[in-house]
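Read the structure below first, then the notes.
The values are calculated or read from the model by the stated rules, or taken from the named source; none is laboratory data. Please read all numbers here as calculations on a predicted model, not as lab measurements. Please note: Cβ atoms are built from the backbone with ideal geometry, for glycine as well, and neighbour counts cover all protein chains shown.
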Amino acid sequence: MLLELLRSATSHHSSGDLARAEGEYLRLLEHGYRKADILLLLARVVAQLGNLEAAIGHLDAMLVLVPDHLEALIEKGVLLHRLGRADDAARCLAIARSIAPESEPVRKNLAAALADSGRRHEALSEFRRLLELHPDDVFVRHQIRRLISAMVPFWHIPMLNDERRNHAFERAIRQAVETQGADARILDIGTGSGLLSMMAARAGARNIVTCEKALLIAETAEQIIATNGYERQIRIINKDSRQVVVGTDMDARADILISEILSSDLLAEDVLSTFEDVHARLLRPDAVIIPRAATAVGCLVESDALFKYAFVADVSGFDLSLFGPLAAQRLPVHGSMTSWRRLSKDIELLRIDLSAKQHPPDIRSCPVVVERDGVAAGVVQWMNIDLADGVTFSNHPDETSDGGWLQVLHSFPQPIFVTAGEHLDLMVGHDRNSLIMMPPHDPAGRRMNKAGLRASGRRTA
């Protein structure tokens, strides 16, 4: 009788009559018939019905009976992952890996769970091991590429290919090594590819320590440095600079600091806190700083392309203007978005002295003389970087576009009508982590209404 009930349950299961199959599996469980097998089948049918938590409960009951059941562990891990419990899924699938270390479904599912739980480097190791076992697996190759893309910011490659920037840094580095001597202790924060450290080594420096917190990038830089023959001069530490310790990672405080952690909008990569910590713990008081200062420069702009980048009004016959205030405050400017119209001269907005020991938050009023009538979308900002005596770099929009550092649009909450000859008082400063660039709270009569925003779309750039 029980065997017939099992046949009926599996028949209903395979035909898609899941509710009847579930009932019959439960009746079999009441009789204690082949309990472990029935629990696995019941978990599968319940999962198909959409009750993932109940399915996991059945799998847990089965694993009490057969703790090393591979299929049950894999299916539980997959269900946990589907529920958004990536950490729990990874723990379950790690047990499955200990049972079947070469299992393709175990490693694929474990890698996916590790990636979604933030343990990307471990996920990459799993996928790479899978590729060793299955070198023609396109899925695995794609996952490795996708994971690396998520781990390594996109801007590394255009930054490395920015010849003007590279030339400026190398001039400053050579100057520092010539002044301080080949035995000067050099600290390079943010190794990246190892390019700046290798520039120092090529200039003759023999004592270079560079730190990189991203393990994948640090490992790659180590290979690059060895490939280029500078492994004896350069030592890579896989740490954030805040974790670097004099006496452990460095034999003494550094004579030269090289850093490449400025972002396009100057401060987004926690620049000020990093420099303050380095000055306090890792540098000699008279150390050479490269770069030693950076200035945010910008101008008011008007542009059809930038309006569509930062604001919205009517779309497909619907009024979507209330979505506009949700837009990002800072937007990189590149490609077709460079076709904007200046409404003011270049303005020095904020200068940061990177050789200073402290950087308290700062805000001030910056009067901007409007040179043309228009509708200001915000301020396009770029950087002037002071690397050393006589060595500077700028990503001024008239000189370059789409290089390593992009220009940035600091959009206003709403576009503002401006008139030639007037002054627009911007509030400019920083909160230590980002630039502040705000128009007056309510410039009377100048904020655009929906009709004005629609009309602005018909202006020429």
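Per-structure values
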read-out: The listed residue being hydrophobic (A, V, I, L, M, F, W, C), without any contact (Cβ under 8 Å) to a residue 40 or more places away in the chain and either buried (at least 17 other Cβ atoms within 10 Å of the Cβ) or not in a strand (DSSP E or B) (or both), out of L322, L257, L306; value: L322
read-out: Single residue of L124, L110 found to be farther than 24 Å from G229 by Cβ, in contact (Cβ under 8 Å) with a residue 60 or more places away in the chain and assigned by TED's automatic domain parsing to the domain that holds L70; value: L124
read-out: Filter pass, V64 being exposed (fewer than 15 other Cβ atoms within 10 Å of the Cβ) and of a type in the set (V, I, T); value: yes
read-out: Scan of the stretch 395-413 for residues that are assigned to a strand (DSSP E or B) and either within 24 Å of the chain's Cα centre (by Cα) or modelled with pLDDT of 90 or more (or both), ordered by number; value: Q407, V408, L409, H410, S411
read-out: Tally, over the stretch 44-71, of residues that are closer than 16 Å to S14 by Cβ and part of a helix (DSSP H, G or I); value: 5
read-out: Check on I237, of a type outside the set (S, T, N, Q), at pLDDT below 95 and either surrounded by fewer than 16 Cβ atoms within 10 Å (Cβ to Cβ) or touching a Cys at 6+ places or on another chain (Cβ under 7 Å) (or both); value: no
read-out: Qualifying residue in the stretch 336-349 (condition: modelled with pLDDT of 85 or more, assigned to a loop (DSSP other than H, G, I, E, B), over 21 Å from D425 (Cα atoms) and among the polar types (S, T, N, Q)); value: no
read-out: Boolean, A287 is aliphatic (A, V, I, L, M) and crowded, with 23+ Cβ neighbours inside 10 Å; value: no
read-out: Complete set of residues in the stretch 185-204 that are in contact with a strand residue (DSSP E or B) (Cβ under 8 Å, 6 or more places away or on another chain) and surrounded by fewer than 21 Cβ atoms within 10 Å (Cβ to Cβ); value: G190
read-out: S316 being surrounded by fewer than 22 Cβ atoms within 10 Å (Cβ to Cβ), under 25 Å from the mean Cα position of the chain (by Cα) and either assigned by TED's automatic domain parsing to the domain that holds M383 or of a type outside the set (V, I, T) (or both); value: no
read-out: Selected residue (only one of L266, L282, L300 is at positive phi and crowded, with 21+ Cβ neighbours inside 10 Å); value: L266
read-out: Which listed residue is charged (D, E, K, R) and assigned by TED's automatic domain parsing to the domain that holds A176, from D304, D249; value: D249
read-out: Per-region count, the stretch 50-109, residues over 28 Å from the mean Cα position of the chain (by Cα) and farther than 19 Å from E126 by Cβ; value: 23
read-out: Sole exception among (1) within 18 Å of A36 (Cβ to Cβ); (2) touching an Asp or Glu at 6+ places or on another chain (Cβ under 8 Å) for H81, by number; value: (1)
read-out: Pairs where the first residue, in the stretch 156-184, is over 21 Å from L283 (Cα atoms) and the second is hydrophobic (A, V, I, L, M, F, W, C), C-beta under 6 Å, 6+ apart; value: R165/F393; A168/L387; A168/V391; A168/F393; R171/V391
read-out: Test set (1) surrounded by fewer than 21 Cβ atoms within 10 Å (Cβ to Cβ); (2) without any contact (Cβ under 8 Å) to a residue 40 or more places away in the chain - A221 fails condition number; value: (1)
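To keep it simple, each residue is scored yes or no on (1) assigned to a helix (DSSP H, G or I); (2) closer than 21 Å to S264 by Cα; (3) among the small types (G, A, S).
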| position | (1), (2), (3) |
| --- | --- |
| E178 | yes, no, no |
| A182 | no, no, yes |
| A205 | no, no, yes |
| T220 | yes, no, no |
| I236 | no, no, no |
| K239 | no, no, no |
